[in-house]
Amino acid sequence: MAGVLAVVLMAGVVGGAWATADTEVVTVTPAPKLRTLKSGSKGEEVVRLQERLAELGYYTLAPDGKYSAETKAAVKTFQAANGLKADGVAGVKTLTLLYSDEAIAAPKPVDVLAGEYPMLVNKEHPVPETFVPQDLVMLTDDCDAKLVKIKYSQTQAVKTAVDALVTMLEAAKEDGITNWQISAAYRSYQKQVTTLNAKINTYLERNKEWSKNKARKAALKTVAEPGCSEHHTGLAFDINVPKSSAFKGTKQCTWLHEHCWDYGFIVRYQEGKENITGFTAEAWHIRYVGVEHAKIMQKNNWCLEEYLEAVAAETPDEEETLDEEDPLTEDEVEMSDEEEIPAEEDAETPDE
Ligand SMILES: [Zn+2]
């Protein structure tokens, strides 16, 4: 028996090939070594990358082995949909996930402006994990840096909303109001998961005796549950003043709250509406709904939930009305023996 084994072993390794006991030769293909690919990269590895991106629905051109702007954009979208840093550089982390079975395919984008009435996203109306809005653009591509500073270069939003934002800020400039910043816009489901977890961890680090559940409840006061943030729609912006910690009380805030309606935006979370929206008032969070709807809401002092409820009440055969429960009370955090949660202007967008 030992003799037979010795013969097999001796005959075994021949020039990198592998002989099995019945002498069938199997060539072992080594796992391809993953090398970072980025703009300017060329060759077979880029072809393989493009083919895989196409298979998952992120790349629509014929693979040509050139890491073009389209390839970069496809990598970015893949990264964003898979919870990776969306920088358009296919590093080892991106490539490993891309070629694995865990890679999430491109979801079919949703036309968030197709409905007759504005899309509602809140705690009772979440979007699914695979939700991606249609027509996302990079803010840095569409907004003049002199008009508005984009705090994070990868920030995206729906094209129509970005165009309305630019028109609005140009009008503000005409009125002598400049110096704006966008600190958040579209946020993917994965990004919201990361944002919430970061907030929970901050609370746990600050308050060693807190349970995870208590930290989570506290975090949910300022960061929406994944799926429940309006930022998923690509129609919401957090707008403020660069390098300023407070937005409320600034001349920019005053101008915005007076004029945003004329450009199709609403101040989504207003004081006095907390019990309906389920969120603390946020002077800096605006949402694009279109001029017609925005003006009706302004005139009636309705938040989006109230507007949609009024519309539903007027529509015959519409049985479903909005849930009138008080979500804020439900989620209330017991802070008895604690310092209270500090008000954070940028609360929804912690610096990472
Ligand atoms: Zn916001």
Which ordering of 39, 183 is given by a fewest-first count of other beta-carbon atoms within 10 Å?
-> 39, 183
What would the Debye formula give as log10 I(q)/I(0) at q = 0.10, 0.12 Å⁻¹ for the alpha-carbon point model of region 136-330, no solvent?
-> -0.46, -0.65
Full-stretch length increase - residue 104, residue 295 - with 0.36 nm per residue and alpha-carbon distance subtracted = 64.8 nm
With 0.36 nm assigned to each residue of separation and the Cα-Cα distance removed, residue 170 to residue 258 gains 30.2 nm
Cβ-Cβ FRET estimate between residue 114 and residue 54, R0 fixed at 30 Å, reported to 0.05 = 0.65
Taking the mean number of other Cβ atoms within 10 Å as a proxy for protection, how do you rank 243-256, 76-89 from highest to lowest?
-> 76-89, 243-256
Region 136-330, relative contact order in percent, only Cα pairs under 8 angstrom and at least six apart counted | 18 percent
At 25 °C and 0.890 mPa s, what whole-number value in µm²/s does Stokes-Einstein give for the translational diffusion of region 44-98, with Rh from the Kirkwood sum over Cα pairs?
-> 228 µm²/s
Taking alpha-carbon centroids only, region 233-256 lies from region 41-70 a number of Å equal to 40 Å
Counting only the backbone N, which residues of region 71-89 are under 11 Å from the spot 7 Å out from the Cα of residue 36 toward its beta-carbon?
-> 89
Quick one: if the Förster radius is 45 Å, what FRET efficiency do residue 87 and residue 274 give, using the C-beta to C-beta distance and rounding to 0.05?
-> 0.75
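Read-outs: derived from the displayed coordinates by stated rules, not from any lab. Predicted, not measured: the structure shown is a model, and the values here were computed from it. Note that each Cβ is placed from the backbone with ideal geometry, even for glycine, and that neighbours are counted across all protein chains shown.
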